[in-house]
Structures are given as structure tokens and as C-alpha cells.
Amino acid sequence: MTQGGLFERRWPGALHAKAAPVTSKLAAREHVASGRNAAQSAAVLEYVRRWPDSTSRELAHRARYEMSGLDRVAFARRLPDLEKDGLVVKSGARSCELGKRMAVTWRVA
């Protein structure tokens, strides 16, 4: 299975809360149908591969430095999705270099 195929199987209902407004549900469907969800997931997974044991904020900072188009919100949303898919795991917690607070770190499963 290709990486794109792996990420394309996520269905829109997994991207919003059951009680979410209809606008959120429509946005989730469009996000998946457009391929943006799969593209973000693949990019986030690659950042975790390249910088294991980083926090989501640190990963987002590196992505912004590389002008990838990914922001902190994309990392915060896609990392739990990737965890549910068994592709990444929480590797611990430590003080984030940027936020200066305790934060979860991530690595490839």
C-alpha cells in the first residue's frame, strides 16, 4: 500500500466531534476529498521521521522554517490521527525548547 493510499482511508467523521456543527462536518469531508488530509499526514509523518522525539511545536517550527505550509494546528491535528493509525507513538514528555513547558514528544512507531 502506498503512503497516499494509507492516509486516504481516513473517513471524514474521524476528523470532527460527533456534536460538531454541520459546517465542521462539511469542512472535514472537503479536507479529505481534496487530498489535503492525506498530504498533511504524509508530511507530518516525514517530519517525525526526520526529527524524532520532538514536540508538535518544535516540529511545526521546523516546518515553518522550511516554508512547508504546515502550521502548528496541522501538527496538533495530524499527530493524534497518525497515532490512531499506529504510525507514530508518544515517546515521552519534556520541556519544549520553544514553549518552555512540558510537552509530549513523538517518534515513528
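Summary table below
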item	result
Cross-chain or 6+ apart pairs with Cβ under 7 Å, the range 87-104 first and on the phi < 0 side of the Ramachandran plot and loosely packed, with under 14 Cβ neighbours inside 10 Å, then modelled with pLDDT of 95 or more and aromatic (Phe, Trp, Tyr)	Lys90/Trp106
Candidate set from the range 37-48 (those that are farther than 21 Å from Gly99 by Cα, in contact (Cβ under 8 Å) with a residue 12 or more places away in the chain and of a type outside the set (A, V, I, L, M)); member that is surrounded by the fewest Cβ atoms within 10 Å (Cβ to Cβ)	Gln40
Residue that is nearest to the chain's Cα centre (by Cα), among those in the range 71-96 that are modelled with pLDDT under 95 and of a type in the set (Asp, Glu)	Asp81
Selection count, the range 17-67, where residues are over 13 Å from the mean Cα position of the chain (by Cα), part of a loop (DSSP other than H, G, I, E, B) and under 18 Å from Leu87 (Cα atoms)	3
Selection count, the range 68-109, where residues are assigned to a loop (DSSP other than H, G, I, E, B) and over 16 Å from Leu45 (Cβ atoms)	7
Checking Ser34 against (1) surrounded by 18 or more Cβ atoms within 10 Å (Cβ to Cβ); (2) polar (S, T, N, Q); (3) out of contact with any strand residue (DSSP E or B) (no Cβ under 7 Å at 6 or more places or on another chain), the condition it does not meet	(1)
Condition check for Trp51: of a type outside the set (D, E, K, R), touching a helix residue (DSSP H, G or I) at 6+ places or on another chain (Cβ under 9 Å) and surrounded by fewer than 18 Cβ atoms within 10 Å (Cβ to Cβ)	yes
Qualifying residue in the range 25-37 (condition: touching a His at 6+ places or on another chain (Cβ under 7 Å) and aliphatic (A, V, I, L, M))	yes
Residues that are surrounded by 14 or more Cβ atoms within 10 Å (Cβ to Cβ) and among the aliphatic types (A, V, I, L, M), drawn from the range 54-75	Leu59, Ala60, Ala63, Leu70, Ala74
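The values are calculated or read from the model by the stated rules, or taken from the named source; none is laboratory data. Since the model is a prediction, treat every value here as computed from it, not as a measurement. Note that each Cβ is placed from the backbone with ideal geometry, even for glycine, and that neighbours are counted across all protein chains shown.
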